[in-house]
Every structure is written in structure tokens, then in C-alpha cells.
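Report on the structure given below.
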Amino acid sequence: MTSCLSDSNDNAYTTESFSVNDFPNIKANIVFVSDENSESQKINQVIIDSTLASFYLDKPVNNIQEALDSFVANYKSFKDDFPDSSGVWELIVETEVVFESETIISYSINTYTYTGGAHGNDKIILLNFDASTGTILNQENLFLDSNKLKSVAESFFIKSQKESSDTFKMEDYFFGQEFQLPENMSYSDDGFLMLYNVYEIASYAQGYTEFVIPYDELEGILRISPY
């Protein structure tokens, strides 16, 4: 099995920057796979679609530049309706390849939006791709046994939270419900990353919650080896 990327990591990716004149805090830096084969283009399309989905716009758009322009148009319309409102809207997108091997490419999309109020909103989307085909991998593709995964993940979640806080209480998380796997997870150099976005399992003040499970703890659970 070989990666759809070129052999040289220096040439494997290219970053495209998008912006809007006079709005320095409305911008996106998107990392794309630079190869032109069908597998790479499949990855790039998912990256575009996932980035656009993170914007929460009120109408469909066809590309990232159009999305930024639409965001600015919405802001201008808002200012026309509420000229005395303070604060300038922001939309900042940063992307990154977080893991790469012959079998897997893992990718993150970090979106920050501010449209007024006490604070903005951050969200991270983690994507995993089959490096040989460019196919996006969901949790069913990644794991052999979701019940075993949930059990292992819960133990490492508790361990990581106890290490970071002497006052950790499980009831402070998951809004009174039982432990749940995060929506976002990916391969990493240190192990398998589990990430909960702000508000996903706790209050805004607690921010992101993330932890890593060593790969050897996922033997017989992880369907695709990282290497």
C-alpha cells in the first residue's frame, strides 16, 4: 500500500490563503494535497466541503473565497440594521496535517468565528483519510469494536483529567449523561487523539478537552495501523 502523496514532504502539500480586502480578521489558510491524481483531489474536495460546513452560512456557497465574501456581506447587512453595534465580526480558519504515514493522513480544520456577544466560537474538525485511496474514514472504518474502544477511551479520559486537575469530578462532564466518544478523533505521533470541542461535554470555561490513547492500548480495536 502506498501513499497518494509524493515522496518528498516538501512538495506534498501547498497552502492557499484566502482573504477579503479591508477585513484582516476574515481569512483562511487551507493546506491542500498538491498532487493532481484522483486520490489527492478526493481529499482536497473533502477538505473544502468540511471547511465550508464549519462556517454556518445562511446560504450555500461553492468555494472558500465565496464563503468569506458571503460572511462579509452578512456582517455589512447586520451593521446596516444595527449601526450602533460594537465589535467587528471575525472568521479565521487554519488547517494542518497532523499525521501522515503510508496508510493514514489525518488533518485538522480550526475555525474561529465572532459575530458579537461575550466571546467568539472555536471549533476543531479532525479528518482521517486512507492514504492509498483518498477515502474519508469514519469511526466504523477505523475501529473493529466500538464498545471496547469506548471502555478504553473512558479510562484514559479519566486518567488525563485527574492528571490535569486535583478537583476532577466525572459529573462535571457530559451534562449528566454517561461517557461518550468524541465526534472528532485522529491519529497522531503520540497515539490516537480524542478531542471534544467547546460545549461538547462541558461549559465554555473548560474549553477543549483532549487526550491521547497509546496505540498499543488499541491493539485488536484499531482497524488500520498508523504505520
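The values are calculated or read from the model by the stated rules, or taken from the named source; none is laboratory data. Given the structure is predicted, the values throughout are model-derived calculations rather than measurements. Methodologically, a virtual Cβ is constructed for each residue, glycine included, from the backbone with ideal geometry; neighbour enumeration extends over all protein chains shown.
Does K27 count as free of Cβ contacts under 8 Å to residues at least 12 places away in the same chain, of a type in the set (K, R) and surrounded by fewer than 18 Cβ atoms within 10 Å (Cβ to Cβ)? It is false that K27 is free of Cβ contacts under 8 Å to residues at least 12 places away in the same chain, of a type in the set (K, R) and surrounded by fewer than 18 Cβ atoms within 10 Å (Cβ to Cβ).
For G220, state whether it is in contact with an Asp or Glu (Cβ under 8 Å, 6 or more places away or on another chain), surrounded by fewer than 17 Cβ atoms within 10 Å (Cβ to Cβ) and not aromatic (F, W, Y). Taking the combined requirement at face value, the residue satisfies it.
Per-residue answers, yes or no, for (1) more than 22 Å from E96 (Cβ to Cβ); (2) touching a strand residue (DSSP E or B) at 6+ places or on another chain (Cβ under 9 Å):
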residue: S151; (1), (2): yes, no
residue: M170; (1), (2): yes, no
residue: F179; (1), (2): yes, no
residue: S188; (1), (2): no, yes
residue: F192; (1), (2): no, yes
residue: A202; (1), (2): yes, yes
residue: D216; (1), (2): yes, yes
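Check region 43-53 and report whether any residue there is over 16 Å from the mean Cα position of the chain (by Cα), among the small types (G, A, S), surrounded by fewer than 17 Cβ atoms within 10 Å (Cβ to Cβ) and in the same structural domain as Y13 (by TED's automatic domain parsing). No, the conditions are met nowhere in region 43-53. When region 181-206 is filtered for residues that are free of Cβ contacts under 8 Å to residues at least 40 places away in the same chain and in contact with an Asp or Glu (Cβ under 9 Å, 6 or more places away or on another chain), the ones remaining, listed by number, are P182, E183, G191, F192, Y196, E200, A202, S203, Q206. Residues that are hydrophobic (A, V, I, L, M, F, W, C) and at pLDDT 95 or above were ranked within region 1-30; the one that is farthest from A131 (Cα to Cα) is F23. Selection of first residues in region 145-160 that are within 13 Å of L222 (Cβ to Cβ) and touching a residue at least 12 places away in the same chain (Cβ under 8 Å) and of second residues that are of a type in the set (D, E) and not in a loop (DSSP other than H, G, I, E, B), restricted to Cβ pairs under 7 Å at least 6 apart or on distinct chains, gives the following pairs, ordered by first then second residue: V152/E217. N141 meets the stated requirement of being surrounded by fewer than 18 Cβ atoms within 10 Å (Cβ to Cβ), of a type outside the set (A, V, I, L, M) and in a helix (DSSP H, G or I).
The residues listed here are N121, N147; of these, the one that is in the same structural domain as W89 (by TED's automatic domain parsing) and polar (S, T, N, Q) is N121. Of all residues in region 181-227, those being of a type in the set (G, A, S) and under 18 Å from N138 (Cα atoms) number 5.
Taking I158, is it in a helix (DSSP H, G or I), out of contact with any His (no Cβ under 6 Å at 6 or more places or on another chain) and farther than 26 Å from I105 by Cα?
Yes; evaluated as a whole, the condition is true for this residue.
Here's the yes/no breakdown for (1) of a type in the set (D, E); (2) at pLDDT 95 or above; (3) closer than 18 Å to I26 by Cα:
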residue	(1), (2), (3)
I64	no, yes, yes
D69	yes, yes, yes
D84	yes, no, no
V93	no, yes, yes
T115	no, no, yes
